[in-house]
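Reading through the structure tokens given below for one structure.
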Amino acid sequence: MTEDIRWIKTHCGKMDHGGCGLLVGVKDNRIVKVKGDPDGFLNKGYVCPKGIASPERLNHPDRLRYPLKRAGKRGEGKWDRISWDEALNEIAENLNNIKEKHGARAVAFGLGMPKGQEHFVLIRLANLFGSPNVVTSQDVCHAPREITGLHTCGFYPVADLHHPSKLVVLWASNITSTNEEGEISSMLLKQLKEGTELIVIDPRKIDLVKKSEKWLQIRPGTDHALALGLLNVIIEESLYDKDFVENWTHGFEDLREHVKEYTPEKVSDITWVPPELIRETARLYARSKPATIQWGNPVEHNIHTFHITRALICLMAICGNLDVPGGNVQALDPKIMGLGAFVRADLFPTKWKEMISTSHGVIPRFMTIPSSFFRKAVIEEIPYPVKGFYAMCTNPMLSYVDSRHTYDALMKLEFTAVADLFMTPTAAMADIVLPVASQFETDDIGHYGLGHGYILARPKVVDPPEECWPDIKILNELGKRISPEEYWHDDYSEFLEDVLKPADLTYSQFVEKGYLKGPERYRSYEKKGFRTPTGKVELRLSTAEKFKLPPMPSFTGFPEEDDPEYPLVLTSSKSRYYLHSSYRWIKSLREKRPHPKVEMHPETASKYGIHEGDAVVIETRYGKITQIAYITDIIDPRVISASHGWWFPEGKAESQYEWEKSNFNMLTSKDTLGKQFGTPNLKGLPCRIRVNGDGKTL
């Protein structure tokens with residue numbers, strides 16, 4: 001009966017970047033319903049299909065429920081059940097042996113996108129073990145925006161959707177389909193109802209194009225050219241904020257001279273956006289006060305991401321939209337423990353010098369290891385050998401660029417342990433597999449360390465299966481075995497209390513509040529200047545020579561040059577029903593998107609003899625996959641958009657769940673990387689297509 005249902009307030013996480021306030025109905029230790037919380041700080045009642053389906057993870061018959069040890073050859077899919085003590089001791093023995101033989105840096109620790117506090121407990125574990133190598137997806141997500149922001153204006157400029165904007169520019173951000181680190185679409189939709197104008201910059205005609213003033217259907221991989229073209233118009237027509245430019249920017253005259261060559265006509269040839277539309281967009285952005293750019297992580301999906309993010313921050317700056325309400329702001333954290341203290345960075349002062357990435361000349365302050373550099377250390381032992389790997393919240397077989405290279409690296413590693421909710425293609429390659437507790441089954445803090453100025457309470461709602469442990473508990477117990485025990489807690493939940501002590505709150509008091517938000521301060525530069533060497537926004541980087549960085553944002557070519565053998569341009573998009581490679585085992589979501597689909601224009605389909613529902617072979621210089629044709633006019637005839645993150649949980653562990661068949665990263669390369677972040681090309685790849693001659697089904 002409905003009166004037996006107990007409703008608990010929490011926040012979504014792990015189904016997306018999360019942040020939506022939820023009301024979770026519980027009966028007999030089972031979740032019976034999830035709905036959006038009308039009082040949710042970010043969402044005000046909104047909830048996406050993934051959030052509604054999230055309880056289906058908890059009681060799924062294929063869920064991992066006890067630790068496993070590999071019984072056959074690596075990748076054969078044969079396992080023995082073991083106890084937690086056996087599993088942790090096995091991991092500790094192997095990692096300690098590698099450390100003794102090769103040094104602590106020969107062990108890498110891997111994770112996917114930040115999902116909760118476990119992200120930083122893992123970094124703590126690596127630091128205390130003595131390894132400088134935490135391998136993440138940050139080279140293609142978040143770090144280019146964050147770190148480039150630190151170098152250019154002293155902070156990470158996030159879109160302020162909490163205050164009204166005259167204009168919002170959605171730049172590579174499909175915000176009604178995937179949340180951008182807590183930038184929930186309901187906040188934007190509310191502003192649009194109240195008169196905020198919208199510009200969409202996207203190769204695909206996303207849903208919000210219908211509500212936009214202008215849609216710039218850009219060629220994938222040319223965002224920096226477009227941004228430079230907008231700068232050209234704004235400067236040439238004297239539309240910039242003259243007071244801000246004069247008082248708070250460094251290198252404006254250099255920028256003025258530099259962007260003269262990026263005329264709308266020249267940029268149009270590169271981006272496929274008509275010259276007059278470039279002019280109109282520049283004028284609208286410059287004249288709208290305040291305006292904000294909500295940038296999505298596709299701007300970080302090619303080797304030129306440093307130039308893209310630099311150009312966009314220059315655009316924000318010269319129009320006076322930095323650090324103002326409704327612009328792009330510096331989000332200040334609430335009074336909580338800082339990340340450096342939490343991860344015990346003080347105990348590893350030589351970390352930067354020892355990191356794999358440092359030898360590749362990455363930008364300073366970029367403190368995680370790109371996947372390509374990690375695998376080079378495993379396979380080629382450059383700059384030194386890596387022999388062991390502990391991974392959680394990640395599926396490198398699907399998420400790392402050039403998936404064959406990932407397979408080779410996993411085969412060469414002496415030891416791998418993976419913690420996950422389900423057996424994935426990556427977990428199937430491990431020596432030890434650990435079953436984790438999911439969200440709703442453990443207390444957690446959301447959005448810690450993400451740079452958006454708030455943290456969210458995620459209290460436990462139901463108990464996990466008996467042998468499924470929270471990641472934080474696993475790390476806490478493993479930490480006692482491979483690093484000094486005094487830096488770990490008797491009870492892992494004390495990590496939650498540590499974060500909140502500066503706020504003078506217990507975790508239970510924090511749960512009552514629901515969230516903590518930092519102070520709102522704007523135009524702080526008027527008192528203190530910007531936190532850069534010049535004290536100003538560095539349109540021209542004053543540290544360029546010192547750090548061997550390009551001083552000005554430039555367009556130096558497409559991510560990959562055109563090739564008549566591969567006449568189409570390949571891009572990819574995320575699905576509103578999945579999170580990267582996760583949750584294809586959830587029935588209600590899989591029914592909504594049962595197959596990996598490749599979008600193509602009717603003209604393109606007709607040219608290649610392809611019909612709706614055909615199995616289509618997509619091929620680049622690096623590999624080929626098969627996806628199902630979806631014919632639509634939302635995309636340019638010169639472009640196709642493939643699905644990202646596909647594998648088949650209904651397959652077999654011994655074949656790693658058909659990880660090669662439809663996996664987008666079979667089409668990408670590890671060999672051409674951006675210098676500043678080690679970023680590969682995931683967008684703007686030359687490709688060709690044909691009907692699969694083997695039949696019409698996957």
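No value in this document is a laboratory result; all are computed from the given coordinates. Bear in mind the structure is a predicted one, so any value in this text is a computation, not a measurement. Note: ideal-geometry Cβ built from the backbone for every residue, glycine included; neighbour counts use all protein chains shown.
Suppose only helical runs count, i.e. DSSP H with n ≥ 4. What mean residue ellipticity at 222 nm does that imply for the chain under -39500 (n - 2.57) per run, divided by all residues and rounded to the nearest 500 deg cm²/dmol?
For the chain, the value works out to -7500 deg cm²/dmol.
Please report the relative contact order for the chain, taking Cα pairs under 8 Å with a sequence separation of at least 6, and give it as a percent rounded to a whole number.
Reported relative contact order: 19 percent.
Quick one: check the C-alpha center-to-center distance for the range 583-641 versus the range 207-262, whole angstrom.
34 Å
Taking the Cβ of Pro275 as the centre, find all other residues whose Cβ is under 14 Å away and add up their charges (Lys, Arg: +1; Asp, Glu: -1).
Summing Lys and Arg as +1 and Asp and Glu as -1 gives -2.
Cβ under 11 Å from Val26's Cβ, Val26 left aside: what net charge do those residues give with Lys, Arg +1 and Asp, Glu -1?
That sum, taken over residues with Cβ under 11 Å, equals +2.
Report, ordered by chain and residue number, the aspartates and glutamates lying within cross-link reach of Lys190, taken as a straight Cα distance under 19 Å and ignoring same-chain residues fewer than 8 apart.
Here the aspartates and glutamates satisfying the reach criterion relative to Lys190 are Asp37, Asp39, Asp160, Glu180, Glu181, Asp207, Glu213.
Quick check on my link table: of Lys473/Lys501; Lys289/Lys536; Lys78/Lys460; Lys214/Lys517; Lys607/Lys661, which ones sit more than 26 Å apart, alpha carbon to alpha carbon?
Flagged as over cut-off: Lys78/Lys460; Lys214/Lys517.
Would you list the membrane-span-like helices of the chain, meaning whole DSSP H runs whose alpha-carbon atoms span at least 15 Å along their axis and whose mean Kyte-Doolittle value is at least 0.5?
Going by DSSP H runs, the hits are 118-129, 223-236, 305-318.
Counting only GluC sites (Glu not before Pro) that sit in a DSSP loop (anything but H, G, I, E, B) with at most 14 other Cβ atoms within 10 Å, what is the longest stretch of the chain containing none of them?
238-379
Looking at the range 45-115, which trypsin sites (Lys or Arg not before Pro) are in a loop (DSSP not H, G, I, E or B) and have at most 11 other Cβ atoms within 10 Å?
Lys73
Filter the trypsin sites (Lys or Arg not before Pro) in the range 565-645 to those in DSSP coil with at most 15 other Cβ atoms within 10 Å of their Cβ, and list the result.
Arg621, Arg638
Could you compute the net charge surrounding Thr292? Neighbours are other residues with a C-beta less than 13 Å from the C-beta of Thr292; K and R count +1, D and E count -1.
-3
Which entry is the computed P(r) over Cα pairs in 20 Å bins from 0, in percent for this structure: (1) 16, 43, 31, 10, 0; (2) 18, 54, 27, 1; (3) 14, 37, 34, 13, 2, 0?
Comparing each candidate, only (2) matches the computed number.
For an R0 of 56 angstrom, estimate the FRET efficiency from the Cβ-Cβ distance between Arg523 and Ser655 and round to the nearest 0.05.
Efficiency, rounded to the nearest 0.05: 0.45.
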